[in-house]
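*Asks:* Below is the structure I would like to discuss, written out as structure tokens.
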Amino acid sequence: MPTKKLSPIEEHFEKGLLGIAALVLIYILIAYAISSPTSIQLGSGTVKPGQASAMIRQQAEQLDATAKQRESDWPEIKLPQSQGDAQTSLAALPESSLKPLVPVALPNKEMEDRTPPDIPIIKEKYVLPKVLPVTKLTTTNGRSTVDVNGDMELQDLLGTDQDQVDVSWAAIAGEIDLEKQRLELEKLPEKIEKEPMFIRVDIQRAPVDDQGKVIGEWQDVPFPYSDSLVITSEESLKVDSMDDLRSLRNEVFSQLSQVESSAMMPELPTVLYGSEWTPPLLPGEKKPVVEATRKPRERRQAVQPARRQRVDPGMGVGGPGGRASRRMGGGGPGMMPGGPGGPAMGGGVRRTNRAGGRTAVGGPGMGMDPAMIGPGMPPGAMDPAMMGLGMPGEMGMGGRGRMQQPRQVTVQKLTNEERRLEKKLKIWAIDLFGVPGQTYKYRIRPVMYNPLAGYKLYLKDPSNTLLAGIAGPWAEVSEPVKLDHEYYCFVDGLGNDKKTAKFTVIKWHLGSLYSEVFIVKEGEAIGDKKKVKLLPVPGQNAEDLGFEELDFNMGWVLAEISPGSAEREVNVTIQTSDGQSLQQNSIRIKESEDYKKSQDMLRDQRVRIGKMMREMRSVR
């Protein structure tokens, strides 16, 4: 049977099918290798099967890294080792305050429902705690000659380059109710420190008129030793970084009583002559314990003091030392101050401050490390055994080789544990920079360490995370305080020629009042320079005193003379240095408060000097 001849299509049909099948198979294999047709829902998006495992692993690593970073924000505080009687133990701190805050880390909002059960979610947010105002505001005032030898900060504030200066001062004291403040902090989370810690006290003054009415704006009063504060009034209470906050927090926690006492009960310059510092006693308060007393120092002779030499950092002379050294008794006018120098004498120890610069910590005297100073020593003092005999006056001694006395201490310092048992906290501030003779009112406010600082997840307003301190409200305003005069000026009567007036000008100088009489014509200045015999002060040999030229010109000008009705009575019009017009009558002026006060002080001074002279003669 003859065979049918196949067409080319029929002849290769099977091969075509095999080729098509092969192409389809290749396409399927390529498609699965490049892109899977199956998708998996993960979070808010979808991923392919080959990507799911890698993405889950990546999110787990991000969660672990974020948790570790949050945990490192508040590392566990390493407690300082207690040495001897050092008062730096934190045994009374709650255990919760020494542990890091458990972190909360959520990579994205979609993962919130699947947060591991061991990482808590903080749902309650907190506002900043309220700082209670200071109560029981009281004041004292006086005039003193203070030792500022080598203390450049205080010399700059007082505008002097001498080693001792006369100041009229006012001290303002008040009370903080610690029990009520602790109740304010009870509402905070359990892990937050509940003990209120105060790091600064701010003080303001405003001038008042004769009726006690405020007539000017409230002005800030400088703090005498700003380097003893963890945050000064010139700095922002909000620090720049978590590193700065950690550094400040560790300092506050480890030195609670020292930081607080430096800020709220400031040490004061050494009084050489005149009124001793007397922080006001609160109602019902007993006189505080005095740890150290000052012996009168040798009186400076009538020699013009040399101007202080400013030196560059690193020269080994330096300023009053850093805030840590002040709390430990270093720096200040009590001894030769530690400064920002190197290993040379007077150098001290450096450390980095929160602004990134260098702050001198220093030690007292010869630049010793503060750790060498015993905890029981008063601020600014040094064990006499450490000085040795025959040391030259340039080492740890005052100008011209005289040993300076320890700085006066006015309170018994508390340990951290004792501080936490206190129910009340007395605080005070001092104004060394007011205008003598001016009357002021004062107000103060405390600044408390922010217990929520650094705990961003607890804060209702996260922008307060780096806010290290919270300022309280200004307290009640004090009663008017009149600063003691530097000069007293009274018209005594008509001159012999009846064209002049006789004035008595009384000047305070180095703890004594010097009184001189001047005959003045219309248009002339009242007072002039006169050479006077220096008056002795307690503990000083009167025979060693010389003469010194004092300036009795207080800037007043006699504008007009008008004879009165009585013999030698005179009425005068005076133009004061600040442009005001002042009237005095030679009879009525003797009934004024200033006249009576000046005469009482002169009388007391004569009695004191007479007693000193009699004792000196009896010794002979």
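*Asks:* Just rank Lys521, Lys502, fewest to most, by other beta-carbon atoms within 10 angstrom.
*Replies:* Values: Lys521 12, Lys502 18.
Fewest to most other Cβ atoms nearby, the residues stand as Lys521, Lys502.
*Asks:* Within the range 242-279, which residues have the backbone N less than 15 Å from the label spot 7 Å out from Leu545 along Cα→beta-carbon, could you tell me?
*Replies:* Answer for the range 242-279: 273-274.
*Asks:* Give me the three principal axis extents of the range 481-620 from the C-alpha atoms, as integers in angstrom, largest value leading.
*Replies:* Principal-axis extents of the range 481-620 (Cα, largest first): 53, 38, 27 Å.
*Asks:* Would you mind computing, in nm to one decimal, how far apart the modelled labels at Asn250 and Ser463 are, each placed 7 Å from Cα along Cα→Cβ?
*Replies:* 3.0 nm
*Asks:* In what sequence, highest mean first, do 256-266, 560-570 appear when ranked by Cβ atoms within 10 angstrom? Mind showing how you got there, number by number?
*Replies:* Working: 256-266: 23.4, 560-570: 14.2.
Per-residue mean Cβ counts within 10 Å order the peptides as 256-266, 560-570.
*Asks:* Please go through the range 413-486 and write out the trypsin sites (Lys or Arg not before Pro) that DSSP classes as loop and that have at most 11 other C-beta atoms within 10 Å.
*Replies:* Passing sites in the range 413-486 are Lys423, Lys460.
*Asks:* Sticking with the crude label model, points 7 Å out along Cα→Cβ, report the distance from Thr160 to Leu188 in nm, one decimal please.
*Replies:* It is 4.2 nm.
*Asks:* Now for a separate question. With just the Cα atoms defining each centre, how far is the range 478-542 from the range 138-191? Give it in Å.
*Replies:* The range 478-542 and the range 138-191 have Cα centres spaced 31 Å from each other.
*Asks:* For the range 418-573, what class follows from the C-alpha gyration tensor (a ≥ b ≥ c being the square roots of its eigenvalues): rounded when a/c is under 1.5, otherwise prolate if a/b is larger than b/c, else oblate?
*Replies:* Judged from the Cα gyration tensor, the range 418-573 comes out prolate (a/c at least 1.5, a/b above b/c).
*Asks:* R0 = 35 Å: FRET efficiency of Asp528 with Glu234, Cβ-based, nearest 0.05?
*Replies:* My answer for the efficiency is 0.30.
*Asks:* In what sequence do Val252, Val24 fall when counting other Cβ within 10 Å, fewest first?
*Replies:* Exposure proxy ranking, most exposed first: Val24, Val252.
*Asks:* Give me, ordered by chain and number, the residues 5 or more places off Gln583 or on other chains with an amide H under 5 Å from its own placed amide H.
*Replies:* Residues meeting the amide H criterion: Ile574.
*Asks:* I've got another one for you. For the range 147-217, which GluC sites (Glu not before Pro) are both in a DSSP coil and crowded by at most 16 other Cβ atoms within 10 Å?
*Replies:* Answer in residue order: Glu186, Glu190, Glu217.
*Asks:* Let me ask another. Only loop residues by DSSP count here, and only those with at most 14 other Cβ atoms within 10 Å; note down the trypsin sites (Lys or Arg not before Pro) in the range 135-236 that meet that.
*Replies:* Lys187, Lys213
Coordinate-derived values only; no laboratory data. Because the structure is a prediction, the values reported are computed rather than measured. Neighbour counts are summed over all protein chains in view; Cβ atoms, including those assigned to glycine, are modelled from backbone coordinates with ideal geometry.
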